[in-house]
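**Q** Take a look at the following structure, please.
The values are calculated or read from the model by the stated rules, or taken from the named source; none is laboratory data. Fair warning: this is a prediction, and the values are worked out from it, not measured in the lab. Neighbour counts are summed over all protein chains in view; Cβ atoms, including those assigned to glycine, are modelled from backbone coordinates with ideal geometry. Ligands, DNA and RNA are excluded from the accessible area calculation, which covers all protein heavy atoms including side chains. Shrake-Rupley method; radii C 1.70, N 1.55, O 1.52, S 1.80 Å.
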Amino acid sequence: MKNISRKVLFGTLFCLGMIWVPNLTSAEEDTAAMKARIEALEKELAEVKALLKEQIQQSATKEEVQAVKKDVVEKVQAVKKDVEVAKTEQAEWKTYDSTVHLAGYGAVGYTNDDPMNDRFNQVQFNPIFHYLFKDLILLESELELAIEDDGATEIVLEYLTIDWFMNDYMALVGGKFLSPLGQFRQNLHPAWINKLPSAPSGFGHDQAAPVADVGLQLRGGFPIGNPMYANYALFVTNGPELELNMAGDEIEAVETAGVVSNEDENFLFGGRIGFLPIPSLEIGASAAFGDVALEDESDRDYEAWGFDTHWWWRNLDIFGEYIQQEVGSLASSVAPDEQEWEAWYVQASYKLLPTKFEVVARYSDYDSTHADQEQEQWALGLNYLFAPNAIAKFAYEFNDGLDGEPTDDDRLFIQLTYGF
Amino acid sequence: MIKPRYKVILTIYGLVFGFALYPGLVKADDNTKNGDIARGSQEWANNCARCHNMRDPKEFRDDLWRPIVNHMRVRAGLTGQQTRDILAFLQSSNYTVVAAAVEGDTTRTESSGLSGEQIYKQTCVACHGADGKGAIPGVPDLRTRLSKSDETLLQSIKNGFQSPGSPMAMPPKGGNPNLTDADLEAVLSYIRQAFK
């Protein structure tokens with residue numbers, strides 16, 4: 001019985017032991033888990049603290065950024081304000097009724113004649129003034145200041161006109177203006193535009209091509225139909241004056257420098273029409289009619305005719321022009337004979353792009369009833385373009401005139417010109 | 001007593017004067033009081049080289065170009081509309097990239113609605129020519145430039161470009177600041193297709 005009880009007791013204890021031991025293992029695990037959780041929480045807390053610290057630091061950086069941004073905005077606003085002021089000033093200038101502009105050109109040059117006669121003979125300055133009132137009235141004037149052989153400075157009013165833009169197709173031009181007959185004298189003679197240092201034979205002062213006159217002119221252009229277009233100039237002026245030779249028995253030249261007197265009380269009427277069938281081709285025709293008279297003599301006829309053309313294609317430019325002036329005969333005059341001056345030229349130039357060089361060739365011929373004035377000329381040139389308006393020119397003229405006359409001398413030119 | 005030939009001349013003067021006083025008789029194409037940049041680029045290319053070497057639009061400020069073009073109007077026998085168009089082109093072509101940035105113009109990306117061909121024929125053709133070979137001295141043949149990347153070419157178009165040996169630089173956007181980035185891409189696409 002006792003053994004049975006002991007067995008029961010041991011059995012019971014064994015069972016209880018079996019029940020208790022697992023419970024003991026579970027508690028240890030709970031403790032470890034709790035410990036781990038605490039550690040994890042502590043870690044998370046540390047991380048949160050770190051994050052908080054970082055956030056605090058970040059919020060501080062943002063403030064700094066805000067400060068910088070504010071500074072930038074203030075500076076941008078200041079710049080914008082400056083720009084607005086500048087724009088306002090510019091707008092004031094733009095809307096100002098009168099605008100002034102100074103243009104012009106200058107040239108210096110060296111010439112060597114044949115036989116040897118070399119000198120630095122060109123020092124020339126041509127300021128051009130533009131005064132524009134709205135888009136209605138333009139005053140434009142060119143002076144020519146040049147040093148003469150004796151060192152004196154010659155000042156010439158090349159032109160001074162007041163131009164009234166009457167409508168889109170016409171401007172009324174009054175004053176002294178370059179002769180609208182042909183192209184060379186009115187548009188191509190400025191040193192920075194002329195491809196050669198000299199004018200074509202017959203297109204200089206007191207030769208075949210009229211230079212300037214004083215009076216009124218109507219100028220403008222009108223479309224004929226895309227792309228055709230025409231331009232025109234009609235004028236009435238005081239007209240030319242006649243110059244006698246030394247003997248006083250022949251009219252030696254027609255002076256067309258532009259005078260404000262009109263002693264013979266005759267006006268000159270004339271004009272030019274230019275036609276552009278395509279934009280790169282211009283064909284012009286010019287004419288002028290009037291009477292002229294020597295002092296205390298009767299009137300005699302005066303006529304001028306001209307044709308001009310210009311064609312260009314990419315780097316190639318070709319100009320051609322013909323001009324003629326004629327003074328009629330008058331039996332009762334001290335210089336009774338009819339006189340005629342005639343000149344023409346053809347010029348080709350080619351830009352050797354992409355270099356800055358340009359080659360030019362020109363043939364010109366000047367015929368006159370005075371043999372000592374006549375000249376046939378070939379001119380060859382090489383230009384170096386520092387810029388389209390700053391050019392160094394090297395040219396040589398082969399001249400054929402009356403033996404012993406300056407018109408027969410060949411000439412070498414070097415010229416530096418700048419248009420502004 | 002007026003001689004018969006002077007009567008003829010005076011009659012011609014009268015007719016011309018009367019013609020001018022009634023400008024409605026003249027049928028001007030697209031005649032407006034405002035200058036047009038695209039027409040102006042063509043008129044500039046057509047007319048300025050009639051007498052002298054082409055001058056760079058950037059040589060003068062906007063206000064200075066006004067008396068200059070009016071002077072040229074008298075010299076070259078231009079119409080008022082041609083003058084205004086040329087002025088608009090010159091004033092837009094001296095527009096610098098810096099100025100564009102201040103105006104906030106460089107951020108525009110939307111298309112103007114024009115095709116690349118239309119943009120080319122309005123803005124580029126005056127200098128580059130219908131065949132892309134160059135219409136005025138110093139403008140290179142576009143075909144010699146197309147080996148460059150789109151990015152390079154777009155930068156050249158956008159900011160302007162000085163070709164070696166050319167007397168003047170192409171102005172930014174060909175002188176038309178109204179062109180957007182999309183327009184520039186369209187015109188480059190047309191150039192690549194038309195002049196390959």
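**Q** Specify the residue that is farthest from A:E397 (Cα to Cα); the eligible residues are those in the range A:349-376 that are surrounded by fewer than 16 Cβ atoms within 10 Å (Cβ to Cβ) and within 14 Å of chain B (Cβ to nearest Cβ).
**A** Checking each candidate, the answer is A:P354.
**Q** Sticking with this one: Please verify whether B:P164 is part of a loop (DSSP other than H, G, I, E, B), crowded, with 16+ Cβ neighbours inside 10 Å and of a type outside the set (A, V, I, L, M), treating the condition exactly as stated.
**A** no
**Q** Also, quick follow-up: List the number of the failed condition for A:G239; all other conditions in (1) more than 14 Å from chain B (Cβ to nearest Cβ); (2) open to solvent by less than 40 Å² (accessible area, probe 1.4 Å) hold.
**A** (1)
**Q** Of the residues A:S261, A:S280, A:S286, only one is closer than 21 Å to A:A230 by Cβ, surrounded by fewer than 22 Cβ atoms within 10 Å (Cβ to Cβ) and either assigned by TED's automatic domain parsing to the domain that holds A:G215 or of a type in the set (S, T, Y) (or both); which?
**A** From the options A:S261, A:S280, A:S286, the qualifying one is A:S280.
**Q** Filter the range A:169-193 down to residues that are in contact (Cβ under 8 Å) with a residue 24 or more places away in the chain and either closer than 22 Å to A:G306 by Cα or outside any strand (DSSP E or B) (or both), then give me how many there are.
**A** Of the residues in that region, 17 qualify.
**Q** I'm trying to understand the selection: among the residues of the range B:154-173, which are in contact with a Phe, Trp or Tyr (Cβ under 9 Å, 6 or more places away or on another chain) and more than 14 Å from every other protein chain (Cβ to nearest Cβ)?
**A** The answer is B:Q155, B:M170, B:P171, B:P172, B:K173.
**Q** Among the residues of the range B:65-93, what is the count of those that are within 18 Å of A:T99 (Cα to Cα) and open to solvent by 30 Å² or more (accessible area, probe 1.4 Å)?
**A** 4
**Q** Continuing with the same structure: Which members of the range A:377-408 meet the condition of being part of a strand (DSSP E or B) and loosely packed, with under 14 Cβ neighbours inside 10 Å?
**A** A:F386, A:F398
**Q** Same structure again: Going by the conditions given, is A:D299 within 14 Å of chain B (Cβ to nearest Cβ), touching an Asp or Glu at 6+ places or on another chain (Cβ under 9 Å) and crowded, with 17+ Cβ neighbours inside 10 Å?
**A** no
**Q** Just for the range A:142-167: of the residues that are closer than 12 Å to A:I128 by Cβ and within 14 Å of chain B (Cβ to nearest Cβ), which one is nearest to the chain's Cα centre (by Cα)?
**A** A:E142
**Q** Can you tell me how many residues in the range B:92-142 are at pLDDT 85 or above and assigned to a helix (DSSP H, G or I)?
**A** Within the range B:92-142, residues that are at pLDDT 85 or above and assigned to a helix (DSSP H, G or I) number 16.
**Q** Sticking with this one: Taking the range A:150-164, which residues are part of a strand (DSSP E or B) and either of a type in the set (S, T, Y) or surrounded by fewer than 23 Cβ atoms within 10 Å (Cβ to Cβ) (or both)?
**A** A:T153, A:E154, A:I155, A:V156, A:L157, A:E158, A:Y159, A:L160, A:T161, A:I162, A:W164
**Q** Name the single residue that is nearest to the other protein chains (Cβ to nearest Cβ) among those in the range A:124-140 being assigned to a loop (DSSP other than H, G, I, E, B) and not hydrophobic (A, V, I, L, M, F, W, C).
**A** Top of the filtered list is A:D135.
**Q** Then there's this: Out of all the residues in the range A:248-282, which are within 12 Å of chain B (Cβ to nearest Cβ) and in a strand (DSSP E or B)?
**A** If the condition is that a residue be within 12 Å of chain B (Cβ to nearest Cβ) and in a strand (DSSP E or B), then A:L268, A:F269, A:G270, A:G271, A:R272, A:I273, A:G274, A:F275, A:L276, A:I278, A:L281, A:E282 are the ones that fit.
**Q** Kindly list the number of the only condition in (1) under 25 Å from A:K393 (Cβ atoms); (2) more than 12 Å from every other protein chain (Cβ to nearest Cβ); (3) in a strand (DSSP E or B); (4) open to solvent by 30 Å² or more (accessible area, probe 1.4 Å) that fails for A:L102.
**A** (2)
**Q** Restricting attention to the range B:128-137, does a residue exist that is touching a Leu at 6+ places or on another chain (Cβ under 7 Å) and either surrounded by fewer than 21 Cβ atoms within 10 Å (Cβ to Cβ) or on the phi < 0 side of the Ramachandran plot (or both)?
**A** yes
**Q** Still on this model: Regarding B:E43, is this residue surrounded by fewer than 21 Cβ atoms within 10 Å (Cβ to Cβ), modelled with pLDDT of 70 or more, under 17 Å from the mean Cα position of the chain (by Cα) and closer than 25 Å to A:L316 by Cα?
**A** no
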